[in-house]
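Accompanying notes for the structure given below.
Values in this text are rule-based calculations from the coordinates and carry no lab data. Keep in mind that this is a model prediction, so the values were computed, not measured. In this analysis, Cβ positions are derived from the backbone assuming ideal geometry, glycine residues included, and neighbour counts consider all displayed protein chains.
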């Protein structure tokens, strides 16, 4: 089974090379790595051209900064694998978890798998209390409308059967991608599994980008894509 790993990147010059090497070292029989640069301005593009281009299958350069959702969509369109997995470039998520994340799909039980930071016995860096509260609120709100019992709707680690994700009409350009894809998977009656993963969260001084505005937009996305097509 060929796995396409889609890596959206924005201003991650300090982590992207280490991340790509970790993805290349993941325990997968056949892997396709697609990096989508979202118009980085910090020197990331130079790193991609000089150090990364020979290590991955494809690098897509967005014409302007459009957001994570747009970058992920570009990666999905280019992917040729049987399974598509989203991997952020910031080292918060560990590619060593790929076998756990993919097992429900490989065994034929799932159409999509979410890697939860709030279940299982994997190690987690202890960080922001209010981020945890906000995440669990968004997950609860999403679950109320999708009738799912997820524990971590905002997780980066999501894997999909390619034929399933490519059929969804995804529109969100930024972090609203997470609740949108969840709502549309639920509406399509897809089989969704959740597995526990490790998590090495960053502080804002270390480059974390999600903020309170993204939280409010996530609420909008939950309501928008659960009540309307």
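Key figures
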item	result
The chain - percent relative contact order, Cα under 8 Å, separation 6 or more	24
Calculated FRET value between residue 169 and residue 50, using beta carbons and R₀ = 45 Å, to 0.05	0.75
Extension gain (nm, one decimal) between residue 188 and residue 219, 0.36 nm per residue minus Cα-Cα	9.1 nm
Separation in nanometres of the label points that stand 7 Å from Cα toward Cβ, at residue 144 and residue 80	4.6
DSSP bridge orientation in the chain - percent antiparallel, rounded to nearest 5	20
Segment residue 14-residue 65, extension gain: residue separation times 0.36 nm, minus the distance between their alpha carbons	16.5 nm
Quotient of Cα Rg and 2.2 N^0.38 Å for the chain, N being how many residues it contains	0.94
